[in-house]
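Asker: For reference, the structure I am asking about is given below.
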Amino acid sequence: MMLRLAVLSIAAAGAVASVNSALASEQGARGILERYAVDYLSDPNLTAPMIFGVKVGEDFYTVDVAPPEGRSKPRQNVRVGVPEKPTFYFTIESEAVLERLDRGEIAALTLMGKAFESDYAPMDVEVMDGYEPAADFGDMLLPFIFHFWTRGTPEVIRFSSEATRFVHGTNLGVFYYQPGLRSAWFEIKPGEHVNENPDSRTNPFPSLIIMVRGEATARIDGVDKVFREGEAIFVPPGVSHEFLNDGDAPAFGFLFMFGDGA
């Protein structure tokens, strides 16, 4: 079971402004983005100025945040339009998706979850023409996504059936990602087959799957085993793993992927 993000392989894309409709919906989307920006000013992970874009539907916004420096106060500004200098930007399918994020009904990392890099996700990351990400861009971006798009102190992630997306053949919600750690939860509903696609059955890093409620068939390296609540399965790097729910009740649990490459 593996959950990838588009940010792990970011394709350059041109950013074309479409501000007319943005002006019409500015109060809604812009107001939400301003709440996120204001909240991020008090986040200890904001250690350097950041300017990036957010494209909601066809409407572009620029977010500018900076921590206090010397005698200067922290800075936050959200405006309609494309960033003046090439940078990265988030794409969000629609204002309705942004509103779900704003209400805390689903996490940004869950919205961005993909089985394969070519898959579509309602939230993604792209880069503007002319922007050249640093070598550690992905390492920086993963925790930034979590901390910017999660408001409050402490940062709380809700998880429920409604807070998942169907990825890898099951219903997944992401807790937190950073280099060397991926954490998520799953609900395998009756009839679902996790990692049915052979291309998604192995990872180059270890995984630990914990069954909290229900049971499923764990097919590890081609061998079937009943995987029951109260059990955890360790999957070494390179070992094939699938999970099938042929019962009549959902199976619920947690997923941790860790080590080099995770």
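The values are calculated or read from the model by the stated rules, or taken from the named source; none is laboratory data. Bear in mind the structure is a predicted one, so any value in this text is a computation, not a measurement. Note: ideal-geometry Cβ built from the backbone for every residue, glycine included; neighbour counts use all protein chains shown.
Asker: From (1) part of a loop (DSSP other than H, G, I, E, B); (2) among the aliphatic types (A, V, I, L, M); (3) closer than 30 Å to N197 by Cα; (4) in contact with a strand residue (DSSP E or B) (Cβ under 7 Å, 6 or more places away or on another chain), pick out the condition that doesn't hold for L142.
Answerer: (1)
Asker: Taking I92 as the residue in question, decide whether it is under 26 Å from F175 (Cα atoms), touching a strand residue (DSSP E or B) at 6+ places or on another chain (Cβ under 7 Å) and assigned by TED's automatic domain parsing to the domain that holds P143.
Answerer: For I92, the condition - under 26 Å from F175 (Cα atoms), touching a strand residue (DSSP E or B) at 6+ places or on another chain (Cβ under 7 Å) and assigned by TED's automatic domain parsing to the domain that holds P143 - is met.
Asker: Give the residue that is farthest from the chain's Cα centre (by Cα), with candidates limited to residues of the stretch 203-214 that are more than 26 Å from F116 (Cβ to Cβ) and part of a strand (DSSP E or B). Before you say what the answer is, go through the steps one by one.
Answerer: Narrowing the stretch 203-214 to residues more than 26 Å from F116 (Cβ to Cβ): 212-214.
Restricting the remaining residues to those that are part of a strand (DSSP E or B) gives 212-213.
Working: V212: 23, R213: 24 Å.
Ranking the candidates gives R213 first.
Asker: May I pose another question? Suppose we filter T217, T153 for residues that are part of a loop (DSSP other than H, G, I, E, B), among the hydroxyl-bearing types (S, T, Y) and not assigned by TED's automatic domain parsing to the domain that holds D39; which single one remains?
Answerer: When all the criteria are applied, what remains is T153.
Asker: Yes or no: S118 in a loop (DSSP other than H, G, I, E, B), among the polar types (S, T, N, Q) and closer than 22 Å to G261 by Cβ?
Answerer: In short, yes.
Asker: Which condition does A251 not pass, out of (1) in contact with a strand residue (DSSP E or B) (Cβ under 6 Å, 6 or more places away or on another chain); (2) surrounded by fewer than 20 Cβ atoms within 10 Å (Cβ to Cβ), if it passes all the others?
Answerer: Of the numbered conditions (1) in contact with a strand residue (DSSP E or B) (Cβ under 6 Å, 6 or more places away or on another chain); (2) surrounded by fewer than 20 Cβ atoms within 10 Å (Cβ to Cβ), the odd one out for A251 is (2).
Asker: Are any of the residues in the stretch 184-202 of a type in the set (D, E, K, R), buried (at least 19 other Cβ atoms within 10 Å of the Cβ) and in a strand (DSSP E or B)?
Answerer: Looking through the stretch 184-202, at least one residue is of a type in the set (D, E, K, R), buried (at least 19 other Cβ atoms within 10 Å of the Cβ) and in a strand (DSSP E or B).
Asker: Would you call Y61 free of Cβ contacts under 8 Å to residues at least 40 places away in the same chain, buried (at least 17 other Cβ atoms within 10 Å of the Cβ) and either assigned to a strand (DSSP E or B) or in contact with a strand residue (DSSP E or B) (Cβ under 6 Å, 6 or more places away or on another chain) (or both)?
Answerer: Working: free of Cβ contacts under 8 Å to residues at least 40 places away in the same chain: yes; buried (at least 17 other Cβ atoms within 10 Å of the Cβ): yes; either assigned to a strand (DSSP E or B) or in contact with a strand residue (DSSP E or B) (Cβ under 6 Å, 6 or more places away or on another chain) (or both): yes.
Against the criterion (free of Cβ contacts under 8 Å to residues at least 40 places away in the same chain, buried (at least 17 other Cβ atoms within 10 Å of the Cβ) and either assigned to a strand (DSSP E or B) or in contact with a strand residue (DSSP E or B) (Cβ under 6 Å, 6 or more places away or on another chain) (or both)), Y61 qualifies.
Asker: Still on this structure, I have one more. So for the stretch 211-230 (the condition being touching a residue at least 40 places away in the same chain (Cβ under 8 Å) and crowded, with 16+ Cβ neighbours inside 10 Å), does at least one residue qualify? Write out each step before concluding.
Answerer: As a first pass, look at the stretch 211-230 and keep what is touching a residue at least 40 places away in the same chain (Cβ under 8 Å): 211-213.
Filter again for crowded, with 16+ Cβ neighbours inside 10 Å, leaving 211.
Yes, because at least one residue in the stretch 211-230 is touching a residue at least 40 places away in the same chain (Cβ under 8 Å) and crowded, with 16+ Cβ neighbours inside 10 Å.
Asker: With respect to P237, determine if the residue is out of contact with any strand residue (DSSP E or B) (no Cβ under 7 Å at 6 or more places or on another chain), farther than 14 Å from I188 by Cα and in the same structural domain as V194 (by TED's automatic domain parsing).
Answerer: yes
Asker: Tally time: how many residues in the stretch 83-126 are over 24 Å from A184 (Cα atoms), touching a helix residue (DSSP H, G or I) at 6+ places or on another chain (Cβ under 9 Å) and surrounded by fewer than 21 Cβ atoms within 10 Å (Cβ to Cβ)?
Answerer: So the count comes out to 1.
Asker: So, one more: Here is a list: V97, V78. Which entry is out of contact with any Cys (no Cβ under 8 Å at 6 or more places or on another chain), on the phi < 0 side of the Ramachandran plot and not in a strand (DSSP E or B)?
Answerer: V97
Asker: Next question, about the same structure. Could you give me the residue pairs with C-beta distances under 6 Å whose first residue belongs to the stretch 120-137 and is at pLDDT below 95, whose second residue is assigned to a loop (DSSP other than H, G, I, E, B) wherever it lies, and which are 6+ apart or on separate chains?
Answerer: No pair meets every condition.
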